[in-house]
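For reference, the structure is listed below as structure tokens.
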Amino acid sequence: MEKPSDLPLADELRRRGIRPNRKLGQNFMVDRQMLDFLVRSACLSQHDVVLEVGTGAGFLTQRLCEEAGEVISVEIDSGLFDLSRERLGGYENLVLIHADALAKDGGWNGTVKSAIKAAVTHASGGVGERFQTIERSAVPGSRPGVDMASEERPDRPDDARRVGSTVDFRPLKMVANLPYSIATAVVQTALAGSLEFADLWFTCQKEVAERLSARPGSENYGFISVLVALLADIHIVRRLPATVFWPRPKVESAIVEIVPSAAKRQAAGDVEYLKVFLSRVFTQRRKRLVSVLKAMGLDERSILEAGEILDRRGAPPAERVFRITPEALARIAECFANEGGRPQ
């Protein structure tokens, strides 16, 4: 097939009456070398299924379709969805979805999740049968997604083979120029949700990348830093100047790689409870942990146990929240989860 041209984006959007939406964090990566670098770095194969959050004008989508077995790309903006549909209609291994990738009640949009599950269990392991689009009107409105806390995680590929299943699970990856406004939420959903990703490659604001990878005691260390550390390995691959995007953002960006770890996830315990616990604790990140736990109305005996955990790890029992390691916070959260305690 003839490849879509890398059209002059600004002119095309003006012609269509489309203006980049700052609220949606729309800054399009237009540098061809950086687009190619991002795709090469993800090491895609024809056996991979790729999720792209934020189709935009389809520049990255096009390259993903040429390297991966199947691409599921999600775009919330009607004008950009129409533009990408026209440009990319020749790719038979592409599913374009017009929707918000994230559900209103948490997790992935139900339509997005269904498309991914269908793709990763596709027995042929090859490209899709045809180019598909899913219009916003076809995306359930009253129930945009399913709360992942109520769902079980699907079997791993080796589990399926061990019990004699004929299902062939294909690796799921995310490669995206993430809209700035939802980058952290997308990462949290990808790591803590029911879909198992082999790895994540994406661009985001440099400040977001620094929060994702922050270590204890630093100014950027918080809820998402701890969650990423407990569930995955992270690497800031490359910093990006504003010149590789249009319109140019006022801040620098970065390419980030995150590799989810099954072993880390198992060691983290009850991830849903851990998320609730961390979100409450880090609302008062500069206070002493014991004081924060008491204010949350948690069990006194477990609070004493939390102090003992810190002591055994070489930290003062009255240590401040933002100085506590992810591993210690996970063990402390486990104390309250085991006691059936929940923040008041």
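Considering each residue of segment 266-313, count those that are among the basic types (Lys, Arg), in a helix (DSSP H, G or I) and touching a residue at least 40 places away in the same chain (Cβ under 8 Å), and give that number.
2
Determine whether segment 234-241 contains at least one residue that is surrounded by 15 or more Cβ atoms within 10 Å (Cβ to Cβ) and in contact with a Phe, Trp or Tyr (Cβ under 6 Å, 6 or more places away or on another chain).
no
Residue 299: out of contact with any helix residue (DSSP H, G or I) (no Cβ under 8 Å at 6 or more places or on another chain) and outside the structural domain of residue 21 (by TED's automatic domain parsing), yes or no?
no
Considering every residue within segment 243-252, establish whether at least one is farther than 24 Å from residue 29 by Cβ, of a type in the set (D, E, K, R) and touching a Leu at 6+ places or on another chain (Cβ under 8 Å).
Among the residues of segment 243-252, not one is farther than 24 Å from residue 29 by Cβ, of a type in the set (D, E, K, R) and touching a Leu at 6+ places or on another chain (Cβ under 8 Å), which makes the answer no.
In the list 280, 288, which residue meets the criterion of being buried (at least 18 other Cβ atoms within 10 Å of the Cβ), of a type outside the set (Phe, Trp, Tyr), farther than 25 Å from residue 179 by Cβ and not assigned by TED's automatic domain parsing to the domain that holds residue 173?
Result: 280 is the single residue among 280, 288 that is buried (at least 18 other Cβ atoms within 10 Å of the Cβ), of a type outside the set (Phe, Trp, Tyr), farther than 25 Å from residue 179 by Cβ and not assigned by TED's automatic domain parsing to the domain that holds residue 173.
Quick check on segment 212-231: of everything there that is surrounded by 22 or more Cβ atoms within 10 Å (Cβ to Cβ) and within 29 Å of residue 243 (Cβ to Cβ), which residue is farthest from the chain's Cα centre (by Cα)?
225
From the set of residues in segment 105-124 that are modelled with pLDDT under 75 and exposed (fewer than 15 other Cβ atoms within 10 Å of the Cβ), which is farthest from residue 46 (Cα to Cα)?
123
Yes/no per residue for (1) surrounded by fewer than 17 Cβ atoms within 10 Å (Cβ to Cβ); (2) within 21 Å of residue 113 (Cβ to Cβ); (3) at pLDDT 90 or above:
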| residue | (1), (2), (3) |
| --- | --- |
| 18 | no, no, no |
| 23 | yes, no, no |
| 30 | no, no, no |
| 34 | no, no, yes |
| 41 | yes, no, yes |
| 51 | no, yes, yes |
| 62 | no, no, yes |
| 68 | no, yes, yes |
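The values are calculated or read from the model by the stated rules, or taken from the named source; none is laboratory data. Bear in mind the structure is a predicted one, so any value in this text is a computation, not a measurement. Reconstructed Cβ throughout: ideal geometry from the backbone, glycine too, with neighbour counts over all protein chains shown.
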